[in-house]
Amino acid sequence: MYDKKAAVEAILFASGSPVEPEKIAQAIEMKPSQTEKLILELMDDYQKQERGITIIKLNKSYQMVSAKKFAPEIRKVMDLRRNTPLSQAALEVLAVVAYNQPVTKAFVEQVRGVDCSGVLGSLTTKGLVEEKGRLELPGRPLLYGTTENFLRCFNLESLENLPPLPESDKNENSEDNAETAENTENVDSVEHGDE
């Protein structure tokens, strides 16, 4: 069994990208459920030993990655200056896409109120957002959604693990909308009265 666990470790290390347990099971000639158990044991081993590497789950696949706490040291060695932090605008666009995907550029711009072409392009280049097809409307606008890299960067197992949107914001927005509608009605009645 030790050899099997070591084989799982070798496969995840050599792969460099997420691997489904079924594929690993096929390679080591075990049932997928037993293979997944070995992967979970490996994850536990790395955590207990506070190693520099760990295994994360991305949707239904597993990937070996470096431990998050060593990111500064890794950046120094690899000189990753190109991975500059995301701007506030990029984070906002990413949030709109993540919570509403698949979405069009027009939808994102409607939510934010400003042009998002540059930001969407930057997020696509960074591999956080990707094209997910086209909407069946005139002009066939592109649809955008998040990538597996997005899950990895934000340490999420799947999109279901996104934190819930605050209830207070929803309530405030609905109150604001009600006030806006009320004020609009008042303005309309004043304008009609003036006529």
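The values are calculated or read from the model by the stated rules, or taken from the named source; none is laboratory data. Values in this document were obtained by computation on a predicted structure and should not be read as measured data. Positions of Cβ are generated from backbone atoms using ideal geometry, with glycine treated the same way; all protein chains shown enter the neighbour counts. The area values use the complete protein model at the heavy-atom level, side chains included, leaving out ligands, DNA and RNA. Shrake-Rupley method; radii C 1.70, N 1.55, O 1.52, S 1.80 Å.
Measure up 37/68; 23/132; 37/105 against 30 Å on the Cα-Cα distance and list the ones that go over.
Those over the limit are 37/105.
In terms of the ratio Rg/(2.2 N^0.38 Å) built on C-alpha atoms, what value belongs to the stretch 1-92?
On the way: Rg = 15.8 Å, N = 92, 2.2 N^0.38 = 12.3 Å.
That ratio works out to 1.29.
Suppose R0 equals 35 Å; then what is the FRET efficiency for residue 124 and residue 29 from their Cβ-Cβ distance, rounded to the nearest 0.05? Walk me through the intermediate numbers first.
Working: r = 40 Å, r/R0 = 1.15.
The formula returns an efficiency of 0.30 here.
Taking a 1.4 Å probe, which of 70, 13 shows the most accessible area, and what order do the others take after it? Can you show the working numbers first?
Numbers: 70 70, 13 150 Å².
Putting 70, 13 in descending order of accessible area: 13, 70.
In what sequence, highest mean first, do 109-122, 144-157 appear when ranked by Cβ atoms within 10 angstrom?
On the way: 109-122: 14.8, 144-157: 17.2.
The peptides rank, most packed first, as 144-157, 109-122.
Hey, what's the Kirkwood Rh for the stretch 86-128 if you take every pair of different alpha carbons, in angstrom? Write down the numbers at each step before the final one.
Values: mean 1/r = 0.0989 Å⁻¹.
Kirkwood radius, the stretch 86-128: 10.1 Å.
Using the basic label-point model (7 angstrom from Cα toward the beta carbon), what is the residue 160 to residue 140 distance in nanometres?
3.4 nm
Take residue 50 and residue 106, extend 7 Å from each Cα along the Cα→Cβ direction, and tell me the distance between the two endpoints in nm.
So the two model labels end up 5.5 nm from each other.
Label points 7 Å out from Cα along the Cβ direction at residue 4 and residue 153: separation in nm?
Modelled inter-label distance: 3.8 nm.
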